[in-house]
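Everything on this sheet refers to the single structure shown next.
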Amino acid sequence: MSEETPVWKALNLAMDAEMSDDDSVFTLGEDVGLYGGSYRVTQDLYARYGEWRVRDTPISEGSFTGLAVGAAMVGMRPVVEIMTVNFALLALDAIINMAAKIPFMSGGQFPMPLVVRMPGGVAKQLAAQHSQRLEHTLMNVPGLRIAVPATPQDAWWQLRQAIRSDEPIVFLEHELLYFSKGTLDTKLPPPPMHRATVRRPGNDLTIISYSHMAKLSLKAAERLSAEGMDIEVIDLRSLRPIDWDSCAASVEKTHHLLVVEEDCGFAGAGAEIVATLTERCFHFLDAPAQRLAGLDMPTPYNGTLETASIPTTASIADAARQMLLPGEIS
Amino acid sequence: MKRDTLLSMLHDMLLARAFEERAAQEYTKGNIAGFLHLYPGEEAVAVGVLHGAEPNDYIVSTYREHVHALVRGVPAEKVMAELFGRRDGCSGGMGGSMHLFDHERRFMGGYGIVGETYPVAIGIGYSIAMQELPEAVICFFGDGAVNQGTFHESLNMAALWKLPVLFVCENNRYQIGTEIHRHSAVTEVYKRACGYRIPSEKVNGMDVLAVHQATLSALQRIREGTGPQFLEVETYRFRGHSMSDPGSYRPNVEVQAFKDEDPVTVVLEESIPNYPTESQLDALGRDNIAHLTGHMRREGYLEMEDVAHMKDEIARLVDSAVNFALNSPEPDMQDAWQALNCNRGQEVVI
Ligand SMILES: Cc1ncc(C[n+]2csc(CCOP(=O)(O)OP(=O)(O)O)c2C)c(N)n1
Ligand SMILES: [Mg+2]
């Protein structure tokens, strides 16, 4: 199959494929059943697999995520849908204290085949409590893996891999990407779940990004190519672990590194990426590595301020220009 | 009950309905964005409860809180300006529909994360009890919110320490798309409070007088030092969960973000349900405004012309709230940093 598929549909197909292949896969969350999920990811699954495998839950994030941990310990493969990443803050005990630690604390006796899916990011004026990006919170937790698919193809591959994995995986989906379309070829063999991918090859500067910002970075790179700048765009696809070899190979080629992230810059993903690549590629860099990130502020409701609080295609292009043509632009 | 009290309740219910209908229109025009949770059908809860509160009492509410703010006395223009994201909004344009705050009126916020109102309320209650003040806290939440852990944790502490909190469950029987029998093992919410030995009562939320009466008695018991009280108010929302829920859950982010990219959004926009007509509401026999006007007419307090007159006046008020919002400037980045660092005082950091 090769057609224009939206991300939500790719996720939906991945869920369906795994549920039909393996009876131990089940999903639970608020409105995942009768309603088919807030973003349609579980559409039609309730009718197909019944209420034990597609469970509508009360608003009890801490305990239904904990329930999934318990089920995973005894061989089930739960896929939790937390309605948005913001509500995952109520489930952090289950994710961080339980899922990430039980395999280790038990001396390796228990598998943790758990996937916790959650939409997040800045969407459209949802205000401070509904616009968060929590990668910084989760990246610092040994024992967790974090997948951040940006395309339908990656959504398909990575969700299937995540469900099959015996490690706990947080699956961060961006609210603005669900309806973005791309090619989905379900027959293609998948790369490893954490492998970064070069979305656009280039020689002058490396932009490393992920999720929605990877898409904007690609747009910015295309704009800059009209101005004669040849930008390489890397989509990380995974935030834990990070595919450092792919990143370093690119930086060693272009000698310039710009990291673009939607999350607040302070102590965020970009800080980790810049620090590690600076340690590793310092002698290859022609200029200090830079970060372009969300402002260190909760997201304002006002639309103009909201837009100004995170990177845009234009601000990404500006940041890259600034690095390649210092002094030439104001 | 006195005619003046009834008239002022009727006024607030009509204002609530008109304000929310107008907010829906302004959302469709693009003047309001984000999640917009409206209150038509539930007016008797906010009006009945808050007409029983004293100016020194505190209110803690959810994301469906425009009407709580209005009834509490936050000017309609300030609420509308906040929905528009403007600088003169009651939260300076930073919070929007789900996060209305008014320090002066002790309106302690609209909270977007389900289950947050309880701990905030018992915290305020703790401070009142510690200082032995004659005040109370009114804590609103939905039927879906009683399955959050904070509900149980907070009710226990409130009862244990006899905190002056009135818990008000607005039971509209839905947690977005999940009906109460599919989200709760015990659907008579008031019974849950009994587990913590908190006096609780089920009230008909279509009858503003019943809500008001139950509130007055509960608040009186609180002021006598009995400790927390609990009301389950049975109500009904006529609209979808939010403007982006046309009956099947469809978050507004989809509609807004993919308008250009996906034809499905056109279908979503078209399917936003029309507000029910008056005759449809009458046929439902459920409208709390009709209930109150009926009562007042039987008592001889009111002619239909009076209602028409009141509605005209309210329409003008809502118009001027919209004009105020339209003419208010947008906040700038400086305002945003100021809001973030408002508690820093003179300390210079970096
Ligand atoms: C912790 C948390 N989980 C999920 C949500 C998403 N959500 C918003 S409102 C809502 C339903 C709440 O239902 P109820 O408490 O009955 O209030 P109502 O909207 O009916 O007034 C849900 C699930 C949320 N805001 N917070
Ligand atoms: Mg409800």
### Task
Take the alpha carbon atoms of region A:96-143, find their center, do the same for region B:14-49, and report the distance between the two centers in whole angstrom.
36 Å
### Query
If you plug each phi of region B:317-330 into the Karplus form 6.51 cos²θ - 1.76 cosθ + 1.60 with θ = phi - 60°, what whole-Hz ³J(HN,Hα) values come out, in order, with x for Gly and Pro?
4, 5, 4, 6, 5, 5, 5, 4, 5, 4, 8, 6, x, 6
### Query
Using alpha-carbon positions, what is the distance between the centroids of region A:284-329 and region B:135-170, in Å?
44 Å
### A:L285 paired with B:C342, simple spin-label distance in nm, labels 7 Å along Cα-to-beta-carbon
3.9 nm
### Query
Can you give me the relative contact order of chain B as a percent, contacts being Cα pairs under 8 Å and 6 or more apart?
21 percent
### Query
Any idea what log10 I(q)/I(0) is at q = 0.12 Å⁻¹ for chain B, Debye with uniform C-alpha scatterers and no solvent?
-0.90
### Message
Which one, B:T150, B:S244, B:H309, projects farthest toward the positive side of the charge dipole computed for chain B from Cβ point charges (K/R +1, D/E -1)?
### Response
B:T150
## Note on the structure
For chain A the mean separation of alpha carbon contacts under 8 Å (6+ apart) over residue count, i.e. relative contact order in percent, is 16 percent
### Query
Using the alpha-carbon centroid of each, what span in Å lies between region B:282-331 and region B:96-117?
24 Å
### Message
At 7 Å along Cα-to-Cβ for each site, give me the label-to-label distance between B:D4 and B:N56 in nm.
### Response
2.2 nm
### Message
Placing unit charges on C-beta atoms (Lys and Arg positive, Asp and Glu negative, everything else neutral), compute the dipole magnitude of region A:197-324 about its Cα centre in debye, rounded to 20.
### Response
200 debye
### Contour excess over end-to-end distance, with Cα ends at A:L188 and A:D44 and 0.36 nm allotted per residue
49.3 nm
### Query
So for region B:3-335, taking the charge dipole from beta-carbon charges (+1 Lys/Arg, -1 Asp/Glu), which of B:N172, B:A121, B:G95 sits furthest toward the positive end?
B:A121
### Query
Which of the lysines could a cross-linker span from B:K191 if the Cα-Cα distance has to be under 28 Å and same-chain partners fewer than 8 positions apart are dropped?
B:K162, B:K202
#### Entry: Amide H partners (placed H, <5 Å) of B:F141, local residues excluded
B:V168, B:E170
### Task
Between beta-carbons, use under 11 Å as the cut-off and find the net charge around A:R77, counting Lys and Arg +1, Asp and Glu -1.
-3
### Message
Using helices alone, I'd like the mean residue ellipticity at 222 nm for the protein assembly as shown: each DSSP H run of four-plus residues gives -39500 (n - 2.57), total over residue count, nearest 500.
### Response
-12500 deg cm²/dmol
### Task
Pull up all non-local amide H partners of A:R55: gap of 5 or more, or a different chain, and H-to-H distance under 5 Å with H placed in the peptide plane.
A:T27, A:L28, A:G29
## Note on the structure
Given backbone amide H placed at 1.01 Å from N, residues whose amide H is under 5 Å from that of A:R195, ignoring those fewer than 5 places away on the same chain, are none
### ³J(HN,Hα) computed for each position of region B:181-186 - Karplus, 6.51 cos²θ - 1.76 cosθ + 1.60, integer Hz, glycine/proline x
5, 9, 10, 9, 6, 10
### Query
Looking only at region A:224-254, which residues have a backbone nitrogen under 16 Å from a spot 7 Å from the Cα of A:F104 in the C-beta direction?
A:240-242
### Query
How large is the dipole of the protein assembly as shown about the Cα centre if only Lys and Arg carry +1 and Asp and Glu carry -1, each at its Cβ, rounded to the nearest 20 debye?
1020 debye
#### Entry: Size of charge dipole - region A:133-207 - debye, nearest 20, with Cβ of Lys, Arg +1 and Asp, Glu -1, no other charges
200 debye
### Query
Of the GluC sites (Glu not before Pro) in region B:91-146, which ones lie in a loop per DSSP and count no more than 11 other C-beta atoms within 10 Å?
B:E104, B:E132
### Summary
HN-Hα couplings for region A:127-137 via Karplus (6.51, -1.76, 1.60; θ = phi - 60°), in whole Hz with x for Gly/Pro, come out as 6, 4, 7, 10, 10, 7, 10, 10, 4, 4, 5
### Query
chain B: longest stretch without exposed trypsin sites (Lys or Arg not before Pro) (DSSP loop, at most 13 other Cβ within 10 Å), sites themselves excluded?
B:3-196
### Query
Applying 1/(1 + (r/R0)^6) with R0 = 45 Å to the Cβ-Cβ distance of A:A314 and B:E313, what FRET efficiency is obtained, to the nearest 0.05?
0.40
### Message
Checking the a/c ratio against 1.5 first, then a/b against b/c, what shape does the Cα gyration tensor give for region A:207-330?
### Response
oblate
### Task
Sketch the reach of a paramagnetic label on B:V349 as a point 7 Å from Cα along Cα-to-Cβ, and name the residues of region A:281-325 whose backbone nitrogen lies under 11 Å away.
A:296-297
### Query
Measuring from label point to label point, each 7 Å out along Cα→Cβ, what is the B:K162 to B:E224 span in nm?
1.3 nm
### Query
By how many degrees, 0 to 90 and rounded to 10, does the Cα axis of helix A:152-164 deviate from the longest principal axis of chain A?
50 degrees
### Query
From the residues B:L292, B:L36, A:A91, which one has its Cα farthest along the dipole of the protein assembly as shown in the positive direction, the dipole being from +1 and -1 charges on Cβ of Lys/Arg and Asp/Glu about the Cα centre?
A:A91
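Quick note: the coordinates plus some simple rules give every number you see, no bench work behind them. Worth saying up front: this structure is predicted, and the values here are computed from it rather than measured. All Cβ positions, glycine included, derive from the backbone under ideal geometry; neighbour counts span all protein chains shown.
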